[in-house]
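Have a look at the structure below, then the notes.
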Amino acid sequence: MSDDSNCACTAPAYPEGKFNPATYTVHGTSLFEPVTGAISTPIFQSSTFRHPGLGQSTGFDYSRVTNPTRLELEKTVALLEKGKYGLAFSSGMGAVSALIKIFRPGSHIIVSEDLYGGTYRLFQEYYAKYGFSFSWIDTSDFAAVRAAARPETAAIFIETPSNPMMKVTDIARCAEFIRKRGGKLIVDNTFLTPWFQNPLELGADIVVHSGTKYLAGHNDTLSGFLALSCAETEAELRNIQKSEGASLAPFDAWLTLRGIKTLAVRMERHGQNARKIAEWLRTQDIVEKVFYPGFEDHPQYELSGKQARGAGGMISFYLRKSGYVPVLLRSIKLILFAESLGGVESLLTYPLAQTHAAIPGEMRLSAGVNDRLMRLSAGIEDPGDLISDLEQAFAACTGAAGHRGK
Ligand SMILES: *Cc1c(COP(=O)(O)O)cnc(C)c1O
């Protein structure tokens with residue numbers, strides 16, 4: 001746990017030795033709703049709450065500030081991330097937007113060069129205008145992190161495994177480095193979720209989530225989270241959330257809570273399916289390279305095993321020819337060509353044109369996002385069916401390429 005020198009942080013609130021994480025995913029922080037005994041947290045679809053009297057409150061006044069359904073979800077995410085506090089936002093980007101406002105203009109932030117394109121856009125197109133500066137580097141290379149640090153460096157913001165190149169950054173090492181300099185380590189834990197990785201335990205200060213992905217898990221809602229243990233930072237973030245208003249709606253909070261109930265079983269299955277597909281992809285002639293942190297020859301395989309309990313459900317791969325891309329995308333029948341990840345349905349994404357379109361061409365290329373890169377989010381369908389679907393689509397690629405060659 002981070003012992004942030006900037007504020008009075010204390011130990012995490014994760015109840016010790018009571019239950020194991022899989023139990024908490026099912027039950028959250030309360031087994032039932034105390035008034036009615038409802039086992040499913042009710043959707044408190046109310047914008048405002050009656051005050052018992054002047055200067056009195058039930059603890060709930062207005063839903064932009066606090067809402068009982070959202071509060072149960074916030075506490076559940078904090079519990080799973082082994083933090084003291086959780087804050088729920090209308091999307092992952094809503095969470096990142098709130099987070100960056102804890103830093104002052106003039107701050108410098110070191111950021112993983114291959115990360116979610118929307119985060120790049122927000123930082124570079126907007127916050128750079130407001131006096132922030134960013135260094136986009138390969139954070140899996142610690143020497144590069146150290147070299148990028150400046151006196152005004154206020155934070156390191158990483159995704160690990162990175163998106164979409166699956167590079168793994170050493171969380172504990174970055175945490176120690178930035179804490180000594182009085183800054184904060186922020187980890188976007190969307191890809192592995194707390195089921196596989198707990199950055200706060202490794203020393204990170206703040207965890208970010210797009211709850212839209214694995215936490216909600218069914219491609220049916222947007223949500224975003226911050227989890228942390230520092231009381232001062234939490235108070236500031238609460239004030240930002242209340243002031244900006246990107247708070248998560250009660251129904252979307254409920255959908256995310258319901259999704260989290262099956263997080264443990266889903267993540268295990270996502271992980272198993274991804275491994276099978278990654279191994280199969282490696283045997284395919286039309287695939288040049290597969291990026292998956294569960295391979296023993298992945299450059300950070302050992303680090304990944306040290307800081308995470310699984311390799312996750314995401315795979316990226318290079319096709320040998322860019323001409324295969326359109327054929328593959330129109331030939332898949334079960335796997336869906338769509339943006340996003342982390343749901344029960346398998347999705348295939350073309351990062352160049354979709355998730356990473358906001359990143360300038362040369363930067364994208366130097367990060368490895370070329371016109372042959374595909375990203376697969378392995379769902380929880382039958383793995384044989386998923387592989388068969390890819391097999392027939394790959395056959396269409398080589399068939400079509402052969403045909404064109406005539
Ligand atoms: C999707 C995503 C985001 C943004 O989240 P939204 O819920 O779409 O706003 C941020 N980080 C990562 C890693 C993501 O995959």
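The values are calculated or read from the model by the stated rules, or taken from the named source; none is laboratory data. Remember, predicted model here, so these are calculated numbers, not experimental data. Here the Cβ positions follow ideal geometry from the backbone for every residue, glycine too, while neighbour counts run over all protein chains shown.
Tallying residues that are closer than 24 Å to HIS27 by Cβ and under 33 Å from the mean Cα position of the chain (by Cα) within region 47-62 yields 2.
Every listed requirement among (1) in contact with a Phe, Trp or Tyr (Cβ under 9 Å, 6 or more places away or on another chain); (2) surrounded by fewer than 16 Cβ atoms within 10 Å (Cβ to Cβ) is met by SER243 save one, (1).
When each of LYS129, LYS101 is tested for being more than 15 Å from the ligand (Cβ to nearest atom) and out of contact with any helix residue (DSSP H, G or I) (no Cβ under 9 Å at 6 or more places or on another chain), the lone residue that passes is LYS129. The set of residues in region 190-245 that are more than 16 Å from the ligand (Cβ to nearest atom), farther than 20 Å from ILE102 by Cβ and part of a helix (DSSP H, G or I) comprises GLU201, LEU202. Of all residues in region 221-244, those that are within 19 Å of LEU73 (Cα to Cα) have Cβ atoms under 7 Å from Cβ atoms of residues that are of a type in the set (Val, Ile, Thr) and assigned to a helix (DSSP H, G or I), 6 or more apart or on another chain, in THR221/THR256; SER223/THR256; PHE225/VAL77; ALA227/VAL77.
If I ask for residues that are among the acidic types (Asp, Glu) and in contact with a strand residue (DSSP E or B) (Cβ under 8 Å, 6 or more places away or on another chain), which ones from region 136-169 would you list? If the condition is that a residue be among the acidic types (Asp, Glu) and in contact with a strand residue (DSSP E or B) (Cβ under 8 Å, 6 or more places away or on another chain), then ASP138, GLU152, GLU159 are the ones that fit. Checking THR10, THR36 one by one, the residue that is modelled with pLDDT under 95, part of a loop (DSSP other than H, G, I, E, B) and exposed (fewer than 10 other Cβ atoms within 10 Å of the Cβ) is THR36 and no other. Here GLY271 qualifies as in a helix (DSSP H, G or I), out of contact with any strand residue (DSSP E or B) (no Cβ under 9 Å at 6 or more places or on another chain) and more than 16 Å from the ligand (Cβ to nearest atom). Among the residues making up region 246-270, a single one is among the basic types (Lys, Arg) and crowded, with 19+ Cβ neighbours inside 10 Å: ARG266. For region 104-126, a residue qualifies if it is in contact with a strand residue (DSSP E or B) (Cβ under 6 Å, 6 or more places away or on another chain) and within 16 Å of the ligand (Cβ to nearest atom), and the qualifying residues are ILE109, VAL111, SER112, GLU113, LEU115, PHE123.
The residues of region 369-382 that are more than 19 Å from ASN219 (Cβ to Cβ) and either modelled with pLDDT under 90 or more than 16 Å from the ligand (Cβ to nearest atom) (or both), listed by number, are ASN370, ASP371, ARG372.
Those helices (runs of 4 or more DSSP H) of region 296-378 in which at least 2 residues are under 26 Å from SER135 (Cα atoms) and among the aliphatic types (A, V, I, L, M), considering only elements entirely within it, cover 361-367.
Within the bounds of region 34-57, is there any residue that is without any contact (Cβ under 8 Å) to a residue 60 or more places away in the chain and closer than 30 Å to LEU202 by Cβ? Looking through region 34-57, none of the residues is without any contact (Cβ under 8 Å) to a residue 60 or more places away in the chain and closer than 30 Å to LEU202 by Cβ.
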